[in-house]
Amino acid sequence: MIKKILIANRGEIAVRVINACREMSVPTVAVYSTADRKSLHVQMADEAICIGDPPPLESYLNIDKIIAVAKQTGADAIHPGYGFLAENSDFSARCEREGLVFIGPNSKALRLVGDKVASRETMTKAKIPIIPGMMTKRAEMKEFKEAAESIGYPVMIKASAGGGGKGMRIIYSPKELEKGIEAGMREAKSAFGDESVYLEKYIEEPRHVEFQVLADNFGNVVHLFERECSIQRRHQKIVEETPSCAIDDELRKKMGEVAKKVIKISGYNNAGTVEFLLDKNKKFYFLEVNARIQVEHPITELVTGVDLVKQQIKIASGEKLKLKQEEIKQRGHAIECRIYAEDPENNFFPCAGKILFMKEPAGPGVRHDCGIYSGFDVPVYYDPILSKVITWAETREDARGRMIMALSDYIILGIKTTIGFLSSVMGHPEFAAGNTQTNFIEKNMSDWGDKKKGRKFLNEALLAAAVSSQMKTSEKRAVVKEKAPSPWLTVGKWSIGGN
Ligand code: MV4
């Protein structure tokens with residue numbers, strides 16, 4: 001069994017992982033940058049070590065430093081969360097060499113699934129359906145032209161080392177191709193350090209349906225059904241739900257089996273997500289494997305009752321999967337809304353700053369995975385995700401109703417957030433009807449900012465004033481580390497008399 005876990009991440013996912021460790025009585029080590037001294041994950045972990053300056057390369061991406069802290073604190077395992085080092089095969093390999101357990105897939109599988117063209121080749125051999133397109137990278141311009149003709153326009157340029165939509169572009173006609181390829185290669189080089197690009201048939205108005213899988217170190221693989229993540233903005237998911245309205249039980253079964261096969265032939269272990277695109281005719285294509293715990297994992301946890309982070313830790317400890325495919329069922333419906341520190345009235349511009357007041361949503365069927373608190377200063381250096389609201393109910397309509405309530409109860413003052421925008425998405429008749437193709441935001445929400453502009457949120461200003469004095473006493477305690485839990489640690493800063 002793992003004795004102590006270092007969490008190589010920050011924010012809500014670090015908090016989520018620490019909570020799983022606490023439930024399993026595994027001690028935790030938080031690492032943090034100087035911008036995160038007062039972060040929630042630092043307060044919650046049993047130990048916390050500062051690893052450097054705010055820029056990610058000097059802290060959360062600093063492999064040498066993180067390995068050194070693991071050794072120094074006696075942590076024998078590292079959970080990478082999502083982002084940062086989560087899908088870095090060099091980091092996974094380094095942990096393997098140093099005798100540390102990387103709570104994620106082995107480095108070989110990680111390398112394979114990180115190379116889109118290589119994995120397309122592997123999948124073709126195994127008769128996994130993939131989007132028609134090129135099977136080689138590093139082609140000459142002439143070969144790109146021939147490939148585009150045989151695939152048929154429009155085509156899509158993708159980076160082999162890419163994923164999550166970075167570096168993609170659509171090409172509608174032969175005259176755009178050459179410039180597109182050149183630009184795509186430049187972009188891929190600067191984003192991934194690898195200029196390899198390839199062409200695929202462009203699928204119009206697809207839906208994004210992904211399957212959660214768990215694989216132990218003994219070849220046992222189960223899937224935990226799908227998540228639909230079609231509502232995205234510039235390749236950033238903002239709403240996810242399960243089950244998907246777009247697939248029936250027959251298709252669900254087929255895609256689940258294909259997902260497991262993808263995992264088996266990749267030699268993949270631990271938790272993973274197999275992404276598919278679903279076209280208008282309900283034909284599905286394998287897209288990529290996301291080799292990490294994902295932001296949207298809670299919706300799967302709510303409908304299946306399986307704690308995915310605990311499963312990750314058990315698998316990494318060398319336990320066999322106890323879950324049987326027949327026993328995993330979807331019950332009810334879950335929706336997740338991601339709360340970002342962004343201004344939806346100003347093109348989703350990131351908004352760092354101090355949170356003057358926060359009231360968390362709560363109630364039956366409401367889960368709040370959160371990395372912030374009243375008084376916390378959101379740093380500018382990292383992904384602006386603050387928290388996630390996840391609701392569960394027996395039906396989609398009731399889960400949507402609970403989400404609308406939860407979002408209206410949720411107050412964050414001091415910085416701009418996407419809460420109001422998400423409320424509008426939840427209330428939109430097209431969302432209510434389940435019309436969640438990937439162009440949902442452009443099609444239905446593009447005038448949202450204009451509608452809201454000029455409105456004065458007087459209530460917010462009044463609330464801010466009212467709570468600002470209270471803030472002085474409700475500031476979170478400094479980091480205090482004691483072995484035994486004590487009520488004095490939870491009361492916050494206080495004093496007798498005066499202010
Ligand atoms: C595509 C596509 C259309 N045709 N590939 C975006 C994320 C990345 N994992 C793959 N993506 C897409 N790949 C082909 N051949 C359209 C998208 C896409 C998309 C996919 C899922 C959810 C939202 C999306 C938004 C824009 C484009």
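The values are calculated or read from the model by the stated rules, or taken from the named source; none is laboratory data. If you're wondering where the values come from, they're calculated on a predicted model, not measured in any experiment. Please note: Cβ atoms are built from the backbone with ideal geometry, for glycine as well, and neighbour counts cover all protein chains shown. When the accessible area is computed, the model is the full protein with side chains, heavy atoms only, and any ligands, DNA or RNA have been set aside. Shrake-Rupley method; radii C 1.70, N 1.55, O 1.52, S 1.80 Å.
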Can you tell me how many residues within the range 267-317 are farther than 27 Å from Asp398 by Cβ, hydroxyl-bearing (Ser, Thr, Tyr) and either within 12 Å of the ligand (Cβ to nearest atom) or outside the structural domain of Leu251 (by TED's automatic domain parsing) (or both)?
1
Of (1) closer than 24 Å to Ile385 by Cα; (2) within 16 Å of the ligand (Cβ to nearest atom); (3) touching a strand residue (DSSP E or B) at 6+ places or on another chain (Cβ under 7 Å), Ala259 fails just (1)
Quick one: Leu321 ticks every box in (1) open to solvent by 30 Å² or more (accessible area, probe 1.4 Å); (2) outside any helix (DSSP H, G or I); (3) away from the ligand (no atom under 16 Å from the Cβ) except a single one, so which number is it?
(1)
Counting just the residues of the range 269-302 that are in a loop (DSSP other than H, G, I, E, B) and open to solvent by 10 Å² or more (accessible area, probe 1.4 Å), which one comes out nearest to Leu199 (Cα to Cα)?
Asp279
Among the numbered criteria (1) under 20 Å from Cys229 (Cβ atoms); (2) away from the ligand (no atom under 16 Å from the Cβ); (3) of a type in the set (S, T, N, Q); (4) open to solvent by 20 Å² or more (accessible area, probe 1.4 Å), which single criterion is violated by Asn435?
(2)
Examine the range 414-435 for a residue that is among the acidic types (Asp, Glu) and over 18 Å from Glu12 (Cα atoms), and state whether such a residue exists.
yes
Tell me which of these Arg186 doesn't satisfy, since it passes every other one: (1) assigned by TED's automatic domain parsing to the domain that holds His297; (2) more than 16 Å from the ligand (Cβ to nearest atom).
(1)
Can you spot a residue in the range 63-78 that is of a type outside the set (A, V, I, L, M, F, W, C), open to solvent by less than 50 Å² (accessible area, probe 1.4 Å) and either on the phi > 0 side of the Ramachandran plot or touching a His at 6+ places or on another chain (Cβ under 8 Å) (or both)?
yes
If I go through the range 335-364 residue by residue, how many of them are outside any strand (DSSP E or B) and either open to solvent by less than 30 Å² (accessible area, probe 1.4 Å) or not small (Gly, Ala, Ser) (or both)?
12
Among Lys324, Lys329, Lys359, Lys320, the single one that is touching an Asp or Glu at 6+ places or on another chain (Cβ under 8 Å) and closer than 29 Å to Asp216 by Cβ is Lys320
Does Val209 satisfy being surrounded by 18 or more Cβ atoms within 10 Å (Cβ to Cβ), in contact with a Cys (Cβ under 7 Å, 6 or more places away or on another chain) and closer than 30 Å to Ser423 by Cβ?
no
Is it fair to say Leu308 is more than 23 Å from the chain's Cα centre (by Cα) and touching a residue at least 12 places away in the same chain (Cβ under 8 Å)?
no
Working only within the range 87-128, note down all residues that are out of contact with any His (no Cβ under 9 Å at 6 or more places or on another chain) and in a loop (DSSP other than H, G, I, E, B).
Glu87, Asn88, Gly99, Leu100, Pro105, Asn106, Asp115, Ala126, Lys127, Ile128
So, of the residues in the range 38-59 that are touching a residue at least 60 places away in the same chain (Cβ under 8 Å) and part of a loop (DSSP other than H, G, I, E, B), which turns out to be surrounded by the most Cβ atoms within 10 Å (Cβ to Cβ)?
Ser39
Residues located in the range 229-250, provided they are within 9 Å of the ligand (Cβ to nearest atom) and either open to solvent by 40 Å² or more (accessible area, probe 1.4 Å) or among the hydrophobic types (A, V, I, L, M, F, W, C) (or both):
Cys229, Ile231, Arg234, His235
For Val155: the one exception among (1) within 14 Å of the ligand (Cβ to nearest atom); (2) closer than 22 Å to Asn290 by Cβ; (3) at pLDDT 95 or above:
(2)
Top-ranked residue of the range 140-151 - restricted to ones that are open to solvent by 20 Å² or more (accessible area, probe 1.4 Å) and more than 28 Å from Lys254 (Cα to Cα), ranked as nearest to the ligand (Cβ to nearest atom):
Ser150
Inside the range 139-164, the number of residues satisfying the requirement of being assigned to a loop (DSSP other than H, G, I, E, B) and either under 23 Å from Phe192 (Cα atoms) or among the acidic types (Asp, Glu) (or both) is 7
Suppose we keep only residues that are open to solvent by less than 50 Å² (accessible area, probe 1.4 Å) and assigned to a loop (DSSP other than H, G, I, E, B) within the range 165-176. Which one would you say is farthest from the ligand (Cβ to nearest atom)?
Ser173
Just to be sure I understand, how many residues within the range 55-101 are in contact with a strand residue (DSSP E or B) (Cβ under 6 Å, 6 or more places away or on another chain) and closer than 20 Å to Ala161 by Cβ?
1
Could you give me the residue pairs with C-beta distances under 7 Å whose first residue belongs to the range 141-158 and is touching a residue at least 12 places away in the same chain (Cβ under 8 Å) and among the basic types (Lys, Arg), whose second residue is open to solvent by 50 Å² or more (accessible area, probe 1.4 Å) and within 15 Å of the ligand (Cβ to nearest atom) wherever it lies, and which are 6+ apart or on separate chains?
Lys158/Met168
Single unsatisfied condition, Val113 versus (1) over 17 Å from Ala8 (Cα atoms); (2) crowded, with 20+ Cβ neighbours inside 10 Å; (3) assigned by TED's automatic domain parsing to the domain that holds Pro56
(3)
